[in-house]
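S.K.: Encoded as structure tokens, here's the structure I'll be asking about.
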Number of protein chains: 4
Amino acid sequence: MGWSTADRIVVRGRDLPSAILGKLNLGDMAFLELTGRTPSAGESKMFNAMAVTLVEHGVTPSALVARLTYLGAPEAMQAAVAAGLCGLGSVFVGSTEGCAKMLKEALPEPGVKSDLTALARKIVAEHRARKQIVPGIGHPIHKPVDPRVPRLFELARECGFSGKYVELIQLVQAEAERVSGKSLPLNATGAIGAILCEMGLEWRIARGIGVMARAVGLVGHILEESREPMAQEVWFRIEEEATEHVKPGKR
Amino acid sequence: MGWSTADRIVVRGRDLPSAILGKLNLGDMAFLELTGRTPSAGESKMFNAMAVTLVEHGVTPSALVARLTYLGAPEAMQAAVAAGLCGLGSVFVGSTEGCAKMLKEALPEPGVKSDLTALARKIVAEHRARKQIVPGIGHPIHKPVDPRVPRLFELARECGFSGKYVELIQLVQAEAERVSGKSLPLNATGAIGAILCEMGLEWRIARGIGVMARAVGLVGHILEESREPMAQEVWFRIEEEATEHVKPGKR
Amino acid sequence: MGWSTADRIVVRGRDLPSAILGKLNLGDMAFLELTGRTPSAGESKMFNAMAVTLVEHGVTPSALVARLTYLGAPEAMQAAVAAGLCGLGSVFVGSTEGCAKMLKEALPEPGVKSDLTALARKIVAEHRARKQIVPGIGHPIHKPVDPRVPRLFELARECGFSGKYVELIQLVQAEAERVSGKSLPLNATGAIGAILCEMGLEWRIARGIGVMARAVGLVGHILEESREPMAQEVWFRIEEEATEHVKPGKR
Amino acid sequence: MGWSTADRIVVRGRDLPSAILGKLNLGDMAFLELTGRTPSAGESKMFNAMAVTLVEHGVTPSALVARLTYLGAPEAMQAAVAAGLCGLGSVFVGSTEGCAKMLKEALPEPGVKSDLTALARKIVAEHRARKQIVPGIGHPIHKPVDPRVPRLFELARECGFSGKYVELIQLVQAEAERVSGKSLPLNATGAIGAILCEMGLEWRIARGIGVMARAVGLVGHILEESREPMAQEVWFRIEEEATEHVKPGKR
């Protein structure tokens, strides 16, 4: 990724002091690390917005894990962040990855003429046949619209990343809702999956963006825990209830 | 840190879709998470530059750890990033924290008139008496100057963060060099420690910035490992040599 | 630690197949790893009992962390165990280490004649002067006696490890209780700290025993979570309450 | 898993002080945690032997990761163990799990009459058709025989766990070797996978046993690193070579 001599430090072929510091923001630097090139203005705005979307989701399992870990090892906050990241696997961060992969496999060449409506029907039908959730579709709270999605798509239009993948995921959402008869909004991970495809980024990058963004958010949670602790109270309550539940003669 | 209802998502008192997405870059979002407020233009530039400095240092122990972990569990890249972060403790990331703390304790009120030269002498003398390295001073490769430092200080002047703490750390460096008779450059962690103090940020924040920045860099290393693997070869060589070393009759 | 050729595997100088497998139990193997020698019958019984004591403490922060991590990444249970271990720092496992260190420093040579009562007074007075808790003393639930302690001391007598360190920690406990006027039982970490000293094991080993023992317990929690999930419900409840707490107009 | 009151601590329905401490060794306690019952004498011997087999494999990626992590954060050895565990995923520990699963699916009811030779042929043919390695078969160093395997099978006979699964995995090994024309020994993970099936333990338990056993070994590596450091030298050499490799004008 980089090399250095006594008087030089080079990252991805660029001189760190003169070509990077003060010129790239943290999201741009992430883009450089992931792609090997610096982003255009549009790429910078879009990539930063996607990463920022994934920083903070309130009291997630990751945040609880980081806070509970910090409670036992306040001298090692890096390990509390690490513990929080360990759970960003198939269930939570997986849906961005899954959505991007699904769209890219359905439409390997966005320039080619395709019947997007037929593609959307096929995608939904296949997931129903396998009894799988369509990645990027549905949200327990944000109904009928996930408020991040219209804003992300607005930015995508502004930055020139609103093409067939964005169209396709919206058709998939409409079809999933039609077939199920339930309110199934497109969620933020679905929008980000589609925009990643528009930007020509590999679906493998999706999980990485979620992981780095969440590291930012977890540092925030740990600092908040150091100022306004909540982990100990959470632990005591859960322990008390669990003990009530298993102790004989108390059921 | 945040809350949400069916149609709203609020982070640190700001509406995520309308007030954050497309307006804050990833470094600004980190600043918001750490301080509870959005950065000014100067704070944004300076904070992003400091975070970017800490993203990537080539083949560090952290990067080796992340790659070796990915080798065994490629299906769980989040755990490879987590493993890499676990080593960001007292030895590596600690020096930024230690430098900021040392400067803040020496000069709790930057506005008050103080004899900075006398302070610098006192700091160096105390560390020598305790046989401790002065945090932020010295570098094994970047001699006589760490090339990141002049650039960080140039940005600090531009952004209005070049005051007594920056002056003091430079006096400390000169004094440490004078007393030891060796080349002891100010390193990037020392410059960042001083600038954090100039910005009025707590020294406790220092480790957190290092941890989030390195998470970005480790995702980069893992993607590179997935394209150009090096971890297996490293493992085989170290194992072979270690085995040669301990096997009887082979010494 | 070990080496292997095509037809041999040697660990700590012993042939694994013929000298270890079927002869050492898991606790004995841990003893071999930590000390470089196989335990005597008494050492085996005592060391296994201490490790077993530390395996399982019900719904600890570690157990909650492991379960919440497994919820997000069920395909990577090793990372859920890892996350759970990250919090075994100064606050929880630290007390065994701290107790063993305190006793060893107070009494470097157990054979030498010493006034143990005076030593106990000195230890308690010093901790009071520094406003520190005496490690190994006190328990929020197990009052007036931690039920593990009499059993561990009974085993220590049986196995020949009941000498001056065990006597000293009991004097410390009595003195701490006398001076504070509160019920301050000796807890299991205090008993284990004292017995480690009796066995001639380094205090540095203490944290390691806690970490390996808890890894066993966390695997148990994760398997239980896979059969009788509780993490999701914990998360939903904590999230709901936290949201109620911060949402405007809901306080 | 357990509960406690002021004067009692109960784990898995057993009184910890009187029914567990001094009676169960660490492997037995693990068996209790995983199955909810205490092992018979044969189960104890066999289970401990399997766990002990997985403790230590010399300079593995896990051991390197733990040592490199300890180098940066010596104050947090629990995080170094955690980092080492993070890589015990599909590639290394996965083969025990995969072997046990494969055998159980091929032979769900070991008591039923089956043509084991035909089953072995089918298993090998299916893996060849999918271009997959048969889990538990093959070893880079231990040829023609993994020295742990005959000893594990000897113990299995002694303890009453040598039935159709052990027979089947040996037939699979012979068939794989016959069809490939190469030396493909049965390895320790294959033997353990088969014995787990003989013992009636779920294949899901396999990874857990590997994780807890390796935690024991990693604590050993970290203590060795604290006495005879090797991680820094490994890092310096790898970094130097990597830098030589990427610096321009040096290729």
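S.K.: What gaps in nm, shortest first, separate C:E105 from its twins in the other copies when you place the label 7 Å past Cα toward the beta carbon?
M.R.: In nanometres, ordered from closest: 1.8, 5.7, 6.0.
S.K.: Oh, and also: What nm distance separates the two modelled labels at C:K23 and D:E109, each placed 7 Å from Cα along Cα→Cβ?
M.R.: For C:K23 paired with D:E109, the spin-label model returns 4.3 nm.
S.K.: Using a 1.4 Å probe on protein heavy atoms, which residues of the range C:86-104 have at least 30 Å² less accessible area in the complex than alone?
M.R.: C:C86, C:G87, C:S90, C:V91, C:F92
S.K.: Just the accessible area per residue of the protein assembly as shown, please: how many Å² with a 1.4 Å probe?
M.R.: Result: 38 Å² per residue.
S.K.: Could you pull out every residue, at least 5 positions away or on a different chain, whose amide H is within less than 5 Å of the one on A:G2? Hs are placed 1.01 Å off N in the peptide plane, and Pro or chain starts have none.
M.R.: HN-HN under 5 Å from A:G2: A:R12, B:G58.
S.K.: Oh, and also: Distances from D:S183 to the same position in the other copies: list them in nm, one decimal, shortest first, using label points 7 Å from Cα along Cα→Cβ.
M.R.: Nearest to farthest, the other copies are at 5.3, 6.8, 6.8 nm.
S.K.: Using a cut-off of 13 Å between beta-carbons, work out the net charge of the residues near A:P185 (Lys and Arg +1, Asp and Glu -1, A:P185 not included).
M.R.: Summing Lys and Arg as +1 and Asp and Glu as -1 gives 0.
S.K.: I would also like to ask the following. Which value, in square angstrom to the nearest 100, describes the accessible area buried between chains D and C on both sides, using a 1.4 angstrom probe?
M.R.: Numbers: alone 14010 and 13980 Å², together 22400 Å².
Buried: approximately 5600 Å² between C and D.
S.K.: What residue among B:M46, B:P108, B:A120 has its Cα farthest toward the positive end of the dipole of the range B:28-169, where the charges are +1 on Lys, Arg and -1 on Asp, Glu, each on the Cβ?
M.R.: The residue sitting farthest along the positive end of the dipole is B:A120.
S.K.: Next question, about the same structure. Using a Förster distance of 60 angstrom, determine the FRET efficiency expected from the C-beta separation of B:R130 and D:Q132, and round it to 0.05.
M.R.: 0.50
S.K.: I'd like the residues of the range B:138-167 whose 1.4 Å-probe accessible area shrinks by no less than 30 Å² going from the isolated chain to the full set of protein chains.
M.R.: Listed in order, they are B:I141, B:H142, B:P147, B:R148, B:R151.
S.K.: Something else: Residues of the range B:205-221 that become at least 20 Å² less accessible with every protein chain present than in their own chain isolated, using 1.4 Å: which are they?
M.R.: Checking the loss per residue gives B:R207, B:G208, B:V211, B:M212, B:A215, B:V216, B:V219, B:G220.
S.K.: Could you tell me what percent of the accessible area of chain A is made up of carbon and sulfur, with a 1.4 Å probe and every protein chain present?
M.R.: 52 percent
S.K.: Same structure again: Please state the relative contact order of chain C as a whole percent: Cα pairs under 8 Å, 6+ residues apart?
M.R.: 24 percent
S.K.: In sequence order, what are the phi-derived ³J(HN,Hα) couplings for the range A:158-169 according to the Karplus relation 6.51 cos²θ - 1.76 cosθ + 1.60 with θ = phi - 60°, rounded to whole Hz, with x for glycine and proline?
M.R.: So the J values, rounded to whole Hz, are 4, 8, x, 10, 10, x, 5, 5, 5, 4, 4, 5.
S.K.: Let me ask you something else. Using θ = phi - 60° and the Karplus curve 6.51 cos²θ - 1.76 cosθ + 1.60, what whole-Hz ³J(HN,Hα) does each residue of the range D:76-91 get, with Gly and Pro shown as x?
M.R.: Computed from phi, the couplings for the range D:76-91 are 9, 5, 4, 6, 6, 5, 4, 4, x, 6, 4, x, 7, x, 5, 6 Hz.
S.K.: Next up: Hey, what do the phi angles of the range C:201-218 turn into as Karplus ³J(HN,Hα) couplings, whole Hz, using 6.51/-1.76/1.60 and θ = phi - 60°, x for Gly and Pro?
M.R.: 8, 4, 4, 4, 6, 4, 5, x, 5, x, 5, 5, 5, 5, 4, 4, x, 5
S.K.: State whether the range D:1-84 is rounded, prolate or oblate according to the following rule on the C-alpha gyration tensor (a ≥ b ≥ c being the square roots of its eigenvalues): a/c under 1.5 gives rounded; otherwise a/b larger than b/c gives prolate, and the remaining case gives oblate. Present the calculation step by step, with values, prior to reporting the outcome.
M.R.: Working: a/c = 3.57, a/b = 1.59, b/c = 2.25.
It comes out oblate by the Cα gyration axes.
S.K.: Provide an ascending nm list, one decimal, of label-point separations from D:A6 to the equivalent residue in each further copy; define each label point as 7 Å from Cα along Cα→Cβ.
M.R.: Here the equivalent label points are 5.1, 6.9, 7.3 nm apart from this one.
S.K.: Now a separate question. Rounded, prolate or oblate for the range D:64-141? Axes are the square roots of the Cα gyration tensor eigenvalues, ordered a ≥ b ≥ c, and the cut-off for rounded is a/c under 1.5.
M.R.: Judged from the Cα gyration tensor, the range D:64-141 comes out prolate (a/c at least 1.5, a/b above b/c).
S.K.: Still on this structure: Once fully extended, how much extra length lies between A:D7 and A:A118, figured as 0.36 nm per residue of separation less the alpha-carbon to alpha-carbon distance?
M.R.: 34.1 nm
S.K.: From the square roots a ≥ b ≥ c of the eigenvalues of the alpha-carbon gyration tensor of the range B:89-213, which class results: rounded (a/c under 1.5), prolate (a/b over b/c), or oblate?
M.R.: rounded
S.K.: Another question about this same structure. Once label points are set 7 Å from the Cα along Cα→Cβ at both D:S226 and D:E167, what is their separation, rounded to one decimal in nm?
M.R.: Distance between label points: 5.1 nm.
S.K.: Sticking with this structure for a sec: Determine which residues of the range D:1-34 fall in the zone a paramagnetic label at C:E154 would reach in this model, i.e. backbone nitrogen under 17 Å from the point 7 Å along Cα→Cβ.
M.R.: D:7-11, D:14-25
S.K.: Would you work out the charge dipole size for the protein assembly as shown about its Cα centre, treating the Cβ of every Lys and Arg as +1 and the Cβ of every Asp and Glu as -1, and quote it to the nearest 20 debye?
M.R.: So the dipole magnitude of the protein assembly as shown works out to roughly 20 debye.
S.K.: Okay, moving on. The range A:81-149: which trypsin sites (Lys or Arg not before Pro) are DSSP loop and have at most 15 other beta-carbon atoms within 10 angstrom?
M.R.: Answer by residue number: A:K113, A:R130, A:K131.
S.K.: Now for a separate question. Do the alpha carbons of any pairs in A:K23/B:K101; B:K131/B:K164; C:K113/C:K143; B:K45/B:K164 sit beyond 31 Å of each other, and which pairs?
M.R.: C:K113/C:K143
S.K.: All other residues with a Cβ under 15 Å from the Cβ of D:I195 taken together, and with Lys, Arg as +1 and Asp, Glu as -1, what is their net charge?
M.R.: -1
The values are calculated or read from the model by the stated rules, or taken from the named source; none is laboratory data. What you see is a predicted model, and the numbers here were worked out from it, not measured in a lab. Cβ: placed from backbone, ideal geometry, glycine included. Neighbour counts: every protein chain shown. To get the accessible areas, we keep the full protein, side chains included, count just its heavy atoms, and leave off ligands, DNA and RNA. Shrake-Rupley method; radii C 1.70, N 1.55, O 1.52, S 1.80 Å.
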